[in-house]
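Here is the structure we will look at, set down as structure tokens.
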Amino acid sequence: PDLRDAEELHDLLLSVGILPLDRAAEWTDWATKLIAESRAAIASWSADSVEQRAYVAAERVALAQALLPGVQFNPPLSATTDESIDQEYAARKVVQGWLEITGPTTAAALAAMLGLPRSVVEQALLALEVSGVVLRGEFTGAAAETEWCERVLLARIHRLTLGELRREIEPVTAADFMRFLFRWQHVAQSTQLHGRAGVEEIIGQLQGLELPAPAWEQHVLPARVANYDPRALEELCLSGVVSWGRLRPNVKEDNADTSARRKRRRQSPGRAAPISFVLREDLQHFLQAHTGGLRLSGSARAALEYLEKNGASFLADVARGAGLLKAGAEAALWELVAAGLVTGDGIAGLRTLLLPENKRQSRRRLRVVSGGRAPERLMPVGRWSLWRVHAAAAEESAEFITRQLLRRYGVVLRELLARESAAASWRSVLDVCRRLEARGEIRGGRFVNGFVGQQFALPEAVEVLRTIRREKKSETVLVSAADPLNLAGILTPGPRVSPYSGLTIAFTDGMPADVGPLGAVLSKLGQIQAAEHD
């Protein structure tokens, strides 16, 4: 404490109970004044054969006598109260008083400073912990043993620390943040991953995102994994590491008032139906159970009933068991996949379903028909099964989803949830982020300019942001409209680009420079580069 006179010293003596002389060297004159007025005395006692001396206020004589056996006072003072005080109570009062002004410390340090047996101090600390007054932990990182700190003081230190950390942050522009995301998600040159491990890492980062089914292997994975090999994804699926399917049931309105609505319900889902890839060990946090309201065709309902009864089955088994032709069973399975009810054990079956009809007919496979031989239509392989929902607790899933968002983007702000169809609400994300910041796992502050609301970031992401801000090199990155990094109109100015448009966005230095078909965008970029070269 920063004392200003003898009265404030007396208040300190009332708070801490005993004040060792070596901790009060700068206040000797005020202490002498209090002793002359019989408001304090010097207590002397022996601890481990070492003579100890401390200032004690007259009102704390009984406390000192209970805590310090054989204590002597100079000048002599007698207790001003008849209240019976035991050593345990006295130790708690003294230890609590010192913790309120000391900050994080250890039992050994307190015992050495106060001239008390360590066992007495430890017993007092445990009693204070039980009553909720103090907390134990590793607060400074400088002590080799457990540290203790008074709860209110620790909260104050924590607030000041968070405030200091937030003031250290220099926010970046939206363009720099896009440049950061290109690097964070391994889209920028020299940041791509490799091989099967790279595919698994990308899926772990992007899991939970529902994107148009063909986009995953046409645009998303090849943009992030150098020399992408489709066999790596098949191996991950067949080995049980990765699952795929639609996470949210596609519940359609139960309203058949018009023929137009009935017609739309009868239409089979298109090839661009959204699906997601998820690490199987994390599946419980993403799947949502359907509660009815699904509008399925008769063949799809028959296939669904067969899978519910028989479990994982091949297409031929589904067709035979549901009383369907193979082509009808295939259409039924795709309808169930698009509805968020069915998945496959591998990716080969999905690839076949996504092939255009002309490519499936052009394979050089023949079947015998009446009057000759005709090309055999390529059918999906592998087994098909229902999504099994074993949902985790809501609070556990909310924290997992929040951590997933941090892993995906490095920095989380409300605008990013616009592309997150399966994400939790912003309020639940905010609550989890505040807890993680309080535990020191993430950073809070203003990381990206131009956006309102709170923002949070992983510590390693903050370092990458600083690097991006210092770099001035120019770069152009091509992003498919179906890619998760299609954040045009969300983080950057201009209109949004539909992920189902089939277009490509050219980002130059983090800002959209051109939008159009891939060939047109590449042609325009080539013209610009040629003009700059000339």
- Which one of these does A506 not meet: (1) open to solvent by less than 10 Å² (accessible area, probe 1.4 Å); (2) within 26 Å of T161 (Cα to Cα)? (2)
- Message: One residue is enough: does region 225-237 have a residue meeting the conditions open to solvent by less than 10 Å² (accessible area, probe 1.4 Å), assigned to a helix (DSSP H, G or I) and within 26 Å of S501 (Cα to Cα)?
- Response: yes
- Of residues in region 138-175 being modelled with pLDDT of 85 or more and touching an Asp or Glu at 6+ places or on another chain (Cβ under 9 Å), the one surrounded by the fewest Cβ atoms within 10 Å (Cβ to Cβ): V152
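This table checks each residue for (1) at pLDDT below 90; (2) closer than 30 Å to S397 by Cβ.
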| site | (1), (2) |
| --- | --- |
| E305 | no, yes |
| E308 | no, yes |
| V318 | no, no |
| G346 | yes, yes |
- Query: Does A25 fit the bill of being out of contact with any Phe, Trp or Tyr (no Cβ under 7 Å at 6 or more places or on another chain), in contact (Cβ under 8 Å) with a residue 40 or more places away in the chain and not polar (S, T, N, Q)?
  - Reply: no
- Entirely in region 111-195, the helices (runs of 4 or more DSSP H) that have 2 or more residues that are within 26 Å of the chain's Cα centre (by Cα): 151-167, 174-184
- Message: For region 198-214, give me each residue that is surrounded by fewer than 22 Cβ atoms within 10 Å (Cβ to Cβ), out of contact with any helix residue (DSSP H, G or I) (no Cβ under 8 Å at 6 or more places or on another chain) and touching a residue at least 24 places away in the same chain (Cβ under 8 Å).
- Response: E210
- Task: Would you please list the contacts, defined by Cβ atoms under 7 Å and residues six or more apart or on different chains, that run from a residue in region 306-320 that is over 14 Å from W334 (Cα atoms) and open to solvent by less than 80 Å² (accessible area, probe 1.4 Å) to a residue that is of a type in the set (F, W, Y) and assigned to a strand (DSSP E or B)?
- Result: A312/W384; S313/W384
- Message: Quick check on region 184-191. Is at least one of its residues polar (S, T, N, Q), surrounded by 21 or more Cβ atoms within 10 Å (Cβ to Cβ) and farther than 30 Å from L386 by Cβ?
- Response: yes
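One line per residue, one yes/no per condition, for (1) under 22 Å from V121 (Cα atoms); (2) over 56 Å from the mean Cα position of the chain (by Cα); (3) of a type in the set (F, W, Y); (4) open to solvent by less than 60 Å² (accessible area, probe 1.4 Å):
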{"position": "D11", "(1), (2), (3), (4)": "no, no, no, no"}
{"position": "L21", "(1), (2), (3), (4)": "yes, no, no, yes"}
{"position": "E51", "(1), (2), (3), (4)": "yes, no, no, no"}
{"position": "Q65", "(1), (2), (3), (4)": "yes, no, no, no"}
{"position": "Y89", "(1), (2), (3), (4)": "yes, no, yes, no"}
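Residues are listed down the side, and each one gets a yes or a no for (1) in a helix (DSSP H, G or I); (2) open to solvent by 60 Å² or more (accessible area, probe 1.4 Å):
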position	(1), (2)
S385	no, no
L416	yes, no
R427	yes, yes
G450	no, yes
A461	yes, no
V464	yes, no
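Specify the residue that is modelled with the highest pLDDT; the eligible residues are those in region 204-257 that are of a type in the set (K, R) and farther than 18 Å from S385 by Cβ.
R224
Table: residues versus (1) exposed (fewer than 13 other Cβ atoms within 10 Å of the Cβ); (2) modelled with pLDDT of 90 or more; (3) over 28 Å from A338 (Cα atoms).
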position	(1), (2), (3)
R388	yes, no, no
S397	no, no, no
R407	no, yes, no
A424	no, no, no
G444	no, no, yes
A457	no, yes, yes
R470	yes, no, yes
K473	yes, no, yes
- Item | Residue check, V71 open to solvent by less than 40 Å² (accessible area, probe 1.4 Å), under 30 Å from L34 (Cβ atoms), of a type in the set (V, I, T) and at pLDDT 85 or above | yes
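The values are calculated or read from the model by the stated rules, or taken from the named source; none is laboratory data. Small disclaimer: the values here were computed from a predicted structure and weren't measured. Note: ideal-geometry Cβ built from the backbone for every residue, glycine included; neighbour counts use all protein chains shown. Only protein heavy atoms, including side chains, enter the accessible area calculation; ligands, DNA and RNA are left aside. Shrake-Rupley method; radii C 1.70, N 1.55, O 1.52, S 1.80 Å.
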